[in-house]
Amino acid sequence: METFPIFRTLRHVPEESKDKVISDEDVLETLLKVFQALFLNEFSKQSAILTMLPEPVKSKYQDLLPMQHPRDNLLETKHEQQNIFKPEEILYKTLGFSITRATSSLISAGRGTVYQKYEPVFFQSIGNPFIFRCVDGVLIDGNDKGISKVVYRSCSGRDRLGPLKMSDSTWLTSELHNPLAVGQYVNNCSNYRAANVCYQEFDMPTIFPIELKQYIPNIAYNYNEQRPLRCVVLVALRDINQGEELFSNYYTIIS
Ligand SMILES: C[S@@+](CC[C@H](N)C(=O)[O-])C[C@H]1O[C@@H](n2cnc3c(N)ncnc32)[C@H](O)[C@@H]1O
């Protein structure tokens, strides 16, 4: 078993504005592609919810899937007979890669409860190595256990719009609906295992499609939070081969 190196490896970024490997537009486009594919994959489950949404949202999917009009029972049955893929298969079909949490060769897109820097996080933070500190002081608690899990579940239940979820809480279980929600399990690089991914902060735009919010694995701690929801994605720094373990750099200095 390897241990943390004596000297911490540091990632140095010259300026905050340059701390992005890919553009926010590319992050958004990628997330939309995956979330939409996940949504369509379970469309028969989603259609009941869709009927309650405003007409522009409904018509978007009637155009895409004319065979699956919610009022057409026969065709709905036909859809149910179609193969439904596993979320990780959808990821592979959409982006050409898949990712799984597995036992590390050492041991273990950012997800969790988002705290603004003035919000109380003391008890949740005790002995919690999953807290990610953003450049502006916003904290993201990606711990799937204990008080962190209770807080996330509670905020997630609070923000539902009737049957429509505004966030994904399946990352707290073994049945992930969003296969990208594994970022917090990535281990720190060392002098022997270089980082192959890096963290990139991303603010979810408020105009994000309402029916796809159910795949966002983050939630604001404060119900009245007006700011866009902060997320963190991991971006590959080079081509990553099949079976390779991911390593990020926990310590980034921006000056
Ligand atoms: C954010 S968690 C990472 C996820 C963790 N591996 C897991 O699956 O629970 C951070 C913890 O992972 C472990 N860790 C991360 N990088 C490590 C490394 N290079 N060597 C040993 N342990 C590491 C440490 O216990 C650290 O407190």
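Numbers below:
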| quantity | calculated |
| --- | --- |
| Failed item in (1) modelled with pLDDT of 60 or more; (2) assigned to a loop (DSSP other than H, G, I, E, B), with Pro70 passing the rest | (1) |
| Exclusive hit being modelled with pLDDT under 90, among the hydrophobic types (A, V, I, L, M, F, W, C) and in a loop (DSSP other than H, G, I, E, B), set Phe97, Phe7 | Phe7 |
| Count of region 134-158 residues which are in contact with a Lys or Arg (Cβ under 8 Å, 6 or more places away or on another chain) and in a loop (DSSP other than H, G, I, E, B) | 6 |
| Residue selected from region 202-255 under the condition away from the ligand (no atom under 16 Å from the Cβ), surrounded by 12 or more Cβ atoms within 10 Å (Cβ to Cβ) and of a type in the set (Asp, Glu), by the criterion farthest from the chain's Cα centre (by Cα) | Glu225 |
| Those residues of region 164-181 which are in a loop (DSSP other than H, G, I, E, B) and over 22 Å from Leu32 (Cβ atoms), in sequence order | Thr173, Ser174, Glu175 |
| Residue count, region 135-146 (criterion: touching a helix residue (DSSP H, G or I) at 6+ places or on another chain (Cβ under 8 Å) and away from the ligand (no atom under 16 Å from the Cβ)) | 1 |
| Residue that is in contact with an Asp or Glu (Cβ under 7 Å, 6 or more places away or on another chain) and in a helix (DSSP H, G or I), where the choices are Gln184, Gln214 | Gln214 |
| Condition check for Arg193: basic (Lys, Arg), surrounded by fewer than 21 Cβ atoms within 10 Å (Cβ to Cβ), under 30 Å from His12 (Cβ atoms) and within 16 Å of the ligand (Cβ to nearest atom) | yes |
| Some residue of region 147-170 being among the β-branched types (Val, Ile, Thr) and buried (at least 18 other Cβ atoms within 10 Å of the Cβ) | yes |
| When residues of region 159-190 are limited to those that are within 16 Å of the ligand (Cβ to nearest atom), over 15 Å from Ser104 (Cβ atoms) and of a type outside the set (A, V, I, L, M), the one modelled with the lowest pLDDT | Ser174 |
| Residues (in contact with a Pro (Cβ under 7 Å, 6 or more places away or on another chain) and among the basic types (Lys, Arg)) located in region 99-158 | Arg111 |
| Test result for Leu40, modelled with pLDDT under 60 and not in a loop (DSSP other than H, G, I, E, B) | no |
| Qualifying residue in region 125-134 (condition: surrounded by fewer than 20 Cβ atoms within 10 Å (Cβ to Cβ), more than 16 Å from the ligand (Cβ to nearest atom) and more than 30 Å from Lys93 (Cα to Cα)) | no |
| Boolean, Asp144 is at pLDDT 80 or above, acidic (Asp, Glu) and under 22 Å from Tyr215 (Cβ atoms) | yes |
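One line per residue, one yes/no per condition, for (1) in contact with a strand residue (DSSP E or B) (Cβ under 6 Å, 6 or more places away or on another chain); (2) among the hydroxyl-bearing types (Ser, Thr, Tyr):
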position	(1), (2)
Gly112	yes, no
Gln116	no, no
Ile126	no, no
Phe132	yes, no
Ser148	yes, yes
Ser154	no, yes
Arg160	no, no
Ser174	no, yes
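The values are calculated or read from the model by the stated rules, or taken from the named source; none is laboratory data. This is a predicted model, so every value here is computed, not measured. FYI the Cβ positions are ideal-geometry reconstructions off the backbone, even for glycines, and counts take in every protein chain you see.
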